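Enquirer: Sharing a structure, written as structure tokens. Questions coming.
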Amino acid sequence: MSRNQLSANVLLTSTGPKHKVPTYLHRPFVCFGHRGACGYAPENTLRAFDLAIQQGVDGIELDVQQVDDELLVFHDKTLNRTTNGVGWITDFPVSVLRTLDAGDGERIPLLSEVLTLVNQRVCVNIEIKDHQSAEAVASLVTDCVQQHHWPYEALLISSFDFDQLRRVHNANPAIPLGVLCENNLDEALVFAEEHAAFSMHPSLTCVNESFVEQAHGTGFKVYVFTVNELADVARMIAWGVDGVFSDVPDRVLAHLPFMPS
């Protein structure tokens with residue numbers, strides 16, 4: 001049994017409450033906790049994800065890299081910014097990385113640990129940050145669905161790296177894809193059409209109303225990153241955007257004109 005399979009099997013032993021599977025991302029305008037509620041807790045940590053869920057998000061967004069045979073939830077290529085370590089993340093074994101302080105005593109979590117914490121309560125957007133995790137991510141998502149009864153709609157895989165998304169799609173075409181884009185909006189739309197993506201994830205600095213209309217016309221949802229200011233939230237709503245990623249999801253959710261019943 002591989003270490004990835006061992007990580008996936010952690011999901012079988014969750015002692016958390018059993019939740020009725022909700023309809024994910026159903027509101028007219030949804031909010032993802034960007035790296036959790038990272039405006040209030042250390043990014044990409046269990047504390048940040050738990051806080052985002054407590055604040056009422058529709059989904060959480062996280063970053064994944066493969067080190068050894070494990071899928072670690074971590075954004076940067078180096079350890080310097082968010083941990084008490086120094087150097088490239090790939091220069092250290094997982095056993096060492098897991099001892100580092102990722103902020104306020106938090107540890108770098110495994111993807112399987114985050115999924116156990118979430119326990120199907122909200123959608124999980126897994127962003128692939130490296131150039132080698134596609135197959136491992138696709139395998140873990142497939143296992144979540146087939147063995148642990150997650151719905152595919154609760155697991156959204158995104159990346160700026162089109163090759164990683166292509167490899168996820170080839171491994172399992174049922175996995176929903178989100179195409180991250182900045183200055184390559186037209187190229188991203190073409191890729192999304194060719195690979196039956198679910199959503200487009202443009203940056204706030206590059207998105208425009210025309211792109212939103214074009215993406216909707218092709219059948220894609222549009223989720224914009226990273227939106228923290230209420231004026232930007234209002235502009236996204238006016239443009240018909242379907243949702244945003246935010247470091248401060250409680251601020252976004254408190255000012256939406258429509259709230260869940």
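Please treat every number below as a calculation from the coordinates, not as lab data. Keep in mind it's a predicted model, so treat the numbers as computed, not measured. Cβ: placed from backbone, ideal geometry, glycine included. Neighbour counts: every protein chain shown.
Enquirer: Take the residues in region 193-208 that are under 17 Å from the mean Cα position of the chain (by Cα) and of a type in the set (Ser, Thr, Tyr), then tell me which one is nearest to Val137 (Cα to Cα).
Expert: Only one residue fits best here, namely Ser199.
Enquirer: Does region 55-65 include one or more residues that are in contact with a helix residue (DSSP H, G or I) (Cβ under 7 Å, 6 or more places away or on another chain), closer than 14 Å to Arg107 by Cα and among the aliphatic types (A, V, I, L, M)?
Expert: Within region 55-65, not a single residue is in contact with a helix residue (DSSP H, G or I) (Cβ under 7 Å, 6 or more places away or on another chain), closer than 14 Å to Arg107 by Cα and among the aliphatic types (A, V, I, L, M).
Enquirer: Cβ-Cβ distance below 7 Å, separation of 6 or more or different chains: which pairs start in region 134-152 with a residue that is within 12 Å of Ala174 (Cα to Cα) and end on one that is among the small types (Gly, Ala, Ser) and in a helix (DSSP H, G or I)?
Expert: Hits for this filter: Ala138/Ala171.
Enquirer: Which residue out of Ser133, Ser95 is touching a helix residue (DSSP H, G or I) at 6+ places or on another chain (Cβ under 9 Å), farther than 22 Å from Cys31 by Cβ and small (Gly, Ala, Ser)?
Expert: Ser133
Enquirer: If a residue has to be touching a strand residue (DSSP E or B) at 6+ places or on another chain (Cβ under 7 Å) and either β-branched (Val, Ile, Thr) or in a loop (DSSP other than H, G, I, E, B) (or both) to count, how many in region 212-261 make the cut?
Expert: 13
A quick yes/no check of all residues on (1) in contact with an Asp or Glu (Cβ under 9 Å, 6 or more places away or on another chain); (2) crowded, with 21+ Cβ neighbours inside 10 Å; (3) among the polar types (S, T, N, Q); (4) on the phi < 0 side of the Ramachandran plot:
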site: His201; (1), (2), (3), (4): yes, yes, no, yes
site: Glu209; (1), (2), (3), (4): no, no, no, yes
site: His216; (1), (2), (3), (4): yes, no, no, yes
site: Ala231; (1), (2), (3), (4): no, no, no, yes
site: Gly240; (1), (2), (3), (4): yes, no, no, no
site: Pro257; (1), (2), (3), (4): no, no, no, yes
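Enquirer: I'm checking my understanding of the structure. Among residues of region 139-192 that are under 24 Å from His75 (Cα atoms), among the small types (Gly, Ala, Ser) and surrounded by fewer than 19 Cβ atoms within 10 Å (Cβ to Cβ), which one is nearest to the chain's Cα centre (by Cα)?
Expert: Per the stated criteria, the residue is Ser139.
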